[in-house]
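Every number here is computed from the coordinates shown, using simple stated rules; none is lab data. Please read these numbers as outputs of a predicted model, since none were measured by experiment. Backbone-built Cβ (ideal geometry, glycine too); neighbour counts: all protein chains shown.
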Amino acid sequence: MPALFVTAVGGFVALGVFVVMYRVYLSPLRHIPGPGPAAVTRFWYVRRLLKGKINVDILAAHDQYGHFVRIAPNEVSVGHPDGPKKILLATLHKAEWYKIATFPDGRFFNTFAETNPKTKMELTRHIAPGYTMTNLLQAEQAIDSNIALLLDWLDRFANSGHPIKLGDYLRYATNDIVGDVLFSRPFGFLKKGADIDGCLANNEVQIAYVSVMGFFRWVHVLLLANPVVTWLGMTAKKNPDGRYDVSAHWFRMLAENPGRMQRHEIDSAAFNAISAATDTVAATIQAFMYFLVRHPEFRVRVQAEIAAAGLEDRVVSYADAQGLRFLQACIKESLRLFGPVTMGFPRVAPKDGITIGDQTFPEGTILSVHPWVIHLSKEIWGEDAREFNPDRWMGDDVARLEKHFIPFSLGYGSCPGQNLGRIELSKLCATLIRSYDFRQVEPEQEMQYEAYFGLTAHMPACYVMRQRMGV
Ligand code: HEM
C-alpha cells in the first residue's frame, strides 16, 4: 500500500513537473513576455481578479511587457492597436469562459454563453428585436418616471444638506429602469430608497463569482448550474398588465418561431439583461460626475451648452440630449477612461492561426482584448491618454479614435443593450449636470470600485446643490 501511494505521488509530481516544463520551455507561446507564474498557471490571473482590480493590473502588465502579454498558459492579452479589429471583428469563437453563463443550468445555452459565432448569431436574432432604438424609445416616459423619483431623492439631500452616496441611488435607478423597460415594472428600489433584500450587494458577489468560476465551470455546474437547481424553478413571466415592453417582443418572437426558439432563451435574456444593464450604466454616470467635479472647466462648458439649448423639461429627453455635442464628448470620455467592463473579451485563434503586428498565434490560442488596455494606450490616444480630456472627441481625429473605442465591445459579441445604455447615459447625465452641482465631502478622496468582469463603482460621498437654472 505505501509503495503504491509513493508511486502515485511520484507519478503525480512527475506529471506536474512535465506540465510546468512544457508550458515554460516548449509551448508555442513561450516567447510571449509576461509574469512568470502566468505562463504556468491560470491562478495568476484569477488572483488578480479576486483582488478586484483586474483592469489596472492588466494595464500595468502591458506597460511593462508591451503589446502582447501572456496572462495564462494558453491566453495572450493583446494591446496592439490592430487587436480589436483582428480579434473582435473576425467572428472567431468566443473562449470557454463564456459558458459560465448557461442558464438555468449547464444544459441551456443563450446568446452570452454560446461560443460558436454562427449559433450565437441565430440566438441573438430572437432577442435583438426587443432592443431596437425605436422600441426602447417607446418606454421613454416610463424611464422618465423612474428618473423623476431619483430627482426627488436628490432634492431631499439638497434640502437637508446631508451628503449623498450617489452610486447607491444610481444603482437603484438603473435597476428600476431595466425592470420597467423589460417587464413594465420597476423593482421598487427608488420608492424605498434602499437595497431591497440585499439584492445589489448580492450582485457584487455574483459578478466576482462568475468572473472566477468561468475558469472552473465544472465547480459551478456541481454547485448551482445543475438540473436540481433548475427543478427548484426560477423563470421569467409575462406581465399581463405590461406595455409592449422588451419581454413582450421576446414572447412574440417565441410565438412566431415555434420549434426554433425555446422558452429558456427568454429567461436567460432577462437574467443577462438585469446583470449587464445596471452597474455598467451606474458606474459610467458616476465616472462622468466624478470627472466633472474634478474638472470645473469642462463642467461649466457642459452646463453652458445645456443652458444655451434652453432645455426646461424636468428630465431631459433623449432627442435633446443627443444634440448636446460637448455633453456627448464628456460621456464618451467617461466610457473611455472608466469603462465599466473590465475583463478581457477572449476569442480563440482559428485554424491557420492569426497574425497581429509581428506575432503569429497558433490555432487554439486564446487572444483577449481588455478595454482598459486599448482605451488607455498612449500609442493610440497620445500622451494624455490617462487624463480626462473630452476635447479629443471634438477635433478632426474622431473617425480614427472611434475605431479604438470599444466600451460595448465590437462585432457579433458586442453589447445588445447598448441602445438602452446610450438612452440612459444621455438622459441622466444631461439632467443631473444641468440641475445639480456636486461637491465631494472629502475632495481628495478618489473613486472606489471593484473590478471583476465588470466594475461596481462607489463615488465618494458628495454634497448636492440645486443649480439655479435647474428645473
Ligand atoms: C454603459 C453601459 C454598458 C456598457 C459599457 C456595456 C458593455 C457591454 C459589453 C462590453 C458586453 C460584451 C461583454 C463580453 O463579450 O465579454 C456587454 C454584453 C451585454 N450587455 Fe451591455 N453594456 C452596457 C449596458 C447594457 C444595458 C443597458 C443592457 C440592457 C439590457 C445591456 C445588456 C447586455 C447583455 C444582455 C449582454 C450579453 C451579451 C450577449 O448576449 O452576448 N448592457 N455589454
With a ≥ b ≥ c the root eigenvalues of the C-alpha gyration tensor of region 220-311, is it rounded (a/c under 1.5), prolate (a/b larger than b/c) or oblate? oblate
Starting with the fewest neighbours, write out D313, D105 ranked by other beta-carbon atoms found within 10 Å of each beta-carbon. D313, D105
Could you please rank V316, V210, V6, placing first whichever residue has the fewest other Cβ atoms within 10 Å of its Cβ? V6, V210, V316
What's the angle, to the nearest 10 degrees (0 to 90), between helix 246-256's Cα axis and the longest principal axis of the chain? 60
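Quick one: order K351, K53, K118 by neighbouring beta-carbon count within 10 Å, fewest to most. Kindly include the intermediate steps, with their values, before the conclusion.
Values: K351 7, K53 18, K118 10.
Least to most surrounded, the residues fall as K351, K118, K53.
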Quick one: what are the phi-derived ³J(HN,Hα) couplings along region 415-424, Karplus 6.51/-1.76/1.60 with θ = phi - 60°, whole Hz, x for glycine and proline? 5, x, x, 5, 5, 5, x, 5, 4, 5
If we sort 164-172, 256-264, 219-227 on the protection proxy, mean other Cβ atoms within 10 Å, highest first, what's the order? 164-172, 219-227, 256-264
Interchain or long-range residues, amide H under 5 Å from I354's placed H: F361
Straight distance only, please: which aspartates and glutamates reach the Cα of K191 with their own Cα at less than 15 Å, same-chain residues fewer than 8 apart left out? D144, D152, D155, D168, D176, D180
Estimated 222 nm signal from helices in the chain, with DSSP H stretches of n ≥ 4 weighted -39500 (n - 2.57), rounded to 500: -15500 deg cm²/dmol
Rounded to whole Hz and in sequence order, give me ³J(HN,Hα) for region 176-181 from the Karplus expression 6.51 cos²θ - 1.76 cosθ + 1.60, θ = phi - 60°, writing x for Gly and Pro. 5, 5, 5, x, 5, 5
Output wanted: per-residue J couplings in Hz (rounded whole) for region 74-84, from phi through Karplus 6.51 cos²θ - 1.76 cosθ + 1.60, θ = phi - 60°, x for Gly and Pro. 10, 10, 10, 8, 10, x, 5, x, 7, x, x
Give the distance, in whole Å, between the Cα centre of region 296-350 and the Cα centre of region 1-50. 46
Relative contact order of the chain, defined on C-alpha pairs under 8 angstrom at six or more residues apart (%): 23
Of K51/K351; K53/K99; K86/K378; K378/K403; K51/K85; K94/K378, which ones are farther than 26 Å apart at the Cα? K51/K351; K51/K85; K94/K378
